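Novice: Have a look at this one before I ask anything.
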Amino acid sequence: MAIISINLKDGTLDSGSEVIVGIDLGTTNSLVAYMKDGQAVCVKDDTGKNTLVPSVIHFAENGAVLVGDAAKAKLITDPGNTIYSVKRLMGKSYADLTAVQGFLGYKILDDDKASLVKIRVKDHYYTPIQLSAEILKALKARIEKELQAPVAKAVITVPAYFNDNQRQATRDAGKLAGLDVLRIVNEPTAAALAYGIGLDTTQAEIIAVYDLGGGTFDISILQIQDGIFEVLATNGDTFLGGDDFDSAIVTFFCSQLKIEREILAEDKSLGQEIRLLAELAKKALSRSEKFEGKIGNQTVHITRAEFEAQIAPMVQKTLDCCSGALQDAKLTTDKIDKIVMVGGSTRVPLVHKSVAGYFGKPVFNSLNPDEVVALGAAIQADILAGNQKELLLLDIAPLSLGIETVGGLMDVIIPRNSKVPTKAGRQYTTSVDGQKNLKIAVYQGERDLVENNRKLGEFTLRGIPPMPAGLPKIDIQFIINADGILNVRARELRSGVEQETDIRPTFGITEEEMAAMLLDSISHAQEDMRSRGLLEARNEADHLLQAGVKFLKQNENILTPEEKKETKMLLDALKTAADSSDKDNILQAVEALNSYTAPLAHRAMDQTIQAAMQGKKVS
Ligand code: ADP
Ligand code: MG
């Protein structure tokens, strides 16, 4: 289905308008998303299954750079040349790194304490910006493959607590990857947007965004008002996440296997094997009550209750962080209107149960928790692209929607102030014999003449089977969905020929523009009425002129020479009148022709019927 985007500022139409993508550049996983048919979607890999790109980079012997799943596999076989958790290093100096030291498996260059961190891989030194750029390049390649078109603009998300250095570093990484970073958006803001929170600019609310990822936990309290997201407080733990849940299961399995946990530091491959099984077990326990697996020929097992007992203290720690954030914001749990769950680890039942219990209300977790940030980034990108503005989710159609009919008149199909979603339609026909195509031009506005309204788009219903004018029945339906997208369908009912298109009717019109358009329609009402009357008279005249010419031709043998002469004269008079701008004059000429030809038409009809009954062919 074709999507027509309209630049409502200047009314230009461009299908295939430039996409701006949304990117979640995560510590553990990264994703890229975009608006597809009005819906934010994350782009999948070649298998069509995974949307996550592990934030891992591997430098091969031959200089090749691997990113994602392939690089993650190298964490076991070639850890020294495989970089992960780069996000933790973004915008940091060596002096900042005391917390991270000993945590990373790769080498960090250690010279000037005040300068920004560099990472050594073989003989090269890389900045975290360069490494992040590699991840971004992989995401860019993924979306370009999906869209079969170059992508140059992006919105990238960062944690709410990121300082200016870290934000700038993220921007620079984008630039290095060939992306123009239009905006850096806070992850909790993006997550809220993904749920449509904050899109209704009339609503003010306070929300909590609980983000438990692979290695980090963030809680953010946001105040949303007039479409502005203000961070009231953030709290969290930069070393608490799903990896710690895995680690707890590893310890649990080790005791079942009767091996010391310390052994795993030496036997790396056994350690990795148990760790992978532990993550598998954790994910399984998000759905099932128990898990069983094998290490070598030994069986390990864990129930959900056992798992929950292991991680309960960690979950409690996240709730303590929530209390800290609320305290900073000088709020209590009952003041929080909505709680949004983000991060793969919020899939753990104990986590969302505990969070819902803590805040005393159900949480927002219907979307994929590891995709929400990217989805929200795509929505933000779409807003920046001008496809959606403040007026994102309208509950009423602010201006009338209709199509152009003969003579440039606006025929309103959905009147202004109709509740959205809504559906309305009308039937039209052709004005010329044998007409095969019908152009359907969609307009928005209150004026009678389309030229004074805003054109939203047009399309052509093709392939109407040849029929006399007026015979085809063309049904035109306008459907506005909840997102404010107008879908226009045209269908010729006799033949079933059909065509449809999507149009975004309201986005991009500011309140002022809308007010101006409404005011305009009121001040021009009289003028409009006059021109509408004139146009209608002209349409009628045109119609009658065509019919008259046809009548003369078809009834050559029936009419007397005098009648033909008089009819021709009246037709000429009507033609002259129709060219004038005097409505009454036109209507008089219409009347004169009609009254003179009516008895002739009756007589002609009678004779035609008689002829038909005698079996004669009448042309
Ligand atoms: P980040 O924001 O840190 O990049 P993510 O939001 O992608 O991380 O979360 C990754 C974490 O989510 C990993 O620890 C992963 O094991 C965990 N996770 C993913 N799916 C599930 C699941 N079904 N149950 C429990 N944990 C899960
Ligand atoms: Mg994340």
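Novice: Do you know which residues across the stretch 21-39 are more than 14 Å from ligand 1 (Cβ to nearest atom) and buried (at least 24 other Cβ atoms within 10 Å of the Cβ)?
Specialist: 21, 22, 34
Novice: Six or more apart or on different chains, Cβ under 9 Å: which pairs go from a residue in the stretch 328-350 that's over 28 Å from residue 245 (Cβ atoms) to one that's aromatic (Phe, Trp, Tyr) and assigned to a helix (DSSP H, G or I)? Could you list them?
Specialist: Filtered contacts from the stretch 328-350: 334/359.
Novice: Hey, another quick one. Scan the stretch 173-202 residue by residue and report those that are of a type in the set (D, E, K, R) and either surrounded by 19 or more Cβ atoms within 10 Å (Cβ to Cβ) or touching a Lys or Arg at 6+ places or on another chain (Cβ under 9 Å) (or both).
Specialist: 180, 187
Novice: May I pose another question? As an exercise: evaluate residue 229 against (1) crowded, with 18+ Cβ neighbours inside 10 Å; (2) closer than 30 Å to residue 327 by Cα; (3) within 16 Å of ligand 1 (Cβ to nearest atom) and give the number of the one condition it does not meet.
Specialist: (3)
Novice: Residues in the stretch 545-560: is at least one at pLDDT 85 or above, surrounded by 15 or more Cβ atoms within 10 Å (Cβ to Cβ) and of a type in the set (Lys, Arg)?
Specialist: No, the stretch 545-560 contains no residue that is at pLDDT 85 or above, surrounded by 15 or more Cβ atoms within 10 Å (Cβ to Cβ) and of a type in the set (Lys, Arg).
Novice: Okay, next question. Taking the stretch 19-67 as the search range and keeping residues that are part of a loop (DSSP other than H, G, I, E, B) and within 16 Å of ligand 2 (Cβ to nearest atom), which one is farthest from residue 160 (Cα to Cα)?
Specialist: 50
Novice: Residues in the stretch 52-85 that are buried (at least 20 other Cβ atoms within 10 Å of the Cβ) and out of contact with any Phe, Trp or Tyr (no Cβ under 9 Å at 6 or more places or on another chain): how many?
Specialist: 5
Novice: On to the next question. Considering only residues that are part of a helix (DSSP H, G or I) and farther than 20 Å from residue 73 by Cβ, look in the stretch 257-268 and name the one that is least open to solvent (accessible area, probe 1.4 Å).
Specialist: 257
Residue-by-condition table, conditions (1) modelled with pLDDT of 95 or more; (2) within 16 Å of ligand 2 (Cβ to nearest atom); (3) not aliphatic (A, V, I, L, M):
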site	(1), (2), (3)
215	no, yes, yes
224	no, no, no
242	yes, yes, yes
256	yes, no, yes
259	no, no, no
262	no, no, yes
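Novice: Taking residue 152 as meeting all but one of (1) more than 24 Å from residue 342 (Cα to Cα); (2) in contact (Cβ under 8 Å) with a residue 24 or more places away in the chain; (3) surrounded by 18 or more Cβ atoms within 10 Å (Cβ to Cβ), write down the number of the exception.
Specialist: (3)
Novice: A further question follows. One residue is enough: does the stretch 106-124 have a residue meeting the conditions surrounded by fewer than 23 Cβ atoms within 10 Å (Cβ to Cβ), modelled with pLDDT under 85, over 17 Å from residue 53 (Cβ atoms) and small (Gly, Ala, Ser)?
Specialist: yes
Novice: Please work out if residue 362 is within 16 Å of ligand 1 (Cβ to nearest atom), modelled with pLDDT of 85 or more, over 30 Å from residue 455 (Cβ atoms) and open to solvent by 10 Å² or more (accessible area, probe 1.4 Å).
Specialist: Here the answer is no, as residue 362 does not meet what is asked.
Novice: Further question: Taking the condition of being open to solvent by 70 Å² or more (accessible area, probe 1.4 Å), over 17 Å from residue 479 (Cα atoms) and assigned to a strand (DSSP E or B), how many residues in the stretch 411-454 meet it?
Specialist: The number of residues fulfilling the criteria is 1.
Matching residues to (1) outside the structural domain of residue 255 (by TED's automatic domain parsing); (2) among the polar types (S, T, N, Q); (3) more than 16 Å from ligand 2 (Cβ to nearest atom):
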| residue | (1), (2), (3) |
| --- | --- |
| 281 | no, no, yes |
| 296 | no, no, yes |
| 300 | no, no, yes |
| 304 | no, no, yes |
| 315 | yes, no, yes |
| 323 | yes, yes, yes |
| 339 | yes, no, yes |
| 346 | yes, yes, no |
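The values are calculated or read from the model by the stated rules, or taken from the named source; none is laboratory data. Because the structure is a prediction, the values reported are computed rather than measured. Positions of Cβ are backbone-derived with ideal geometry, glycine not excepted, and every protein chain shown enters the neighbour counts. Accessible surface is based on the protein model in full, side chains and every heavy atom, while ligands, DNA and RNA are left aside. Shrake-Rupley method; radii C 1.70, N 1.55, O 1.52, S 1.80 Å.
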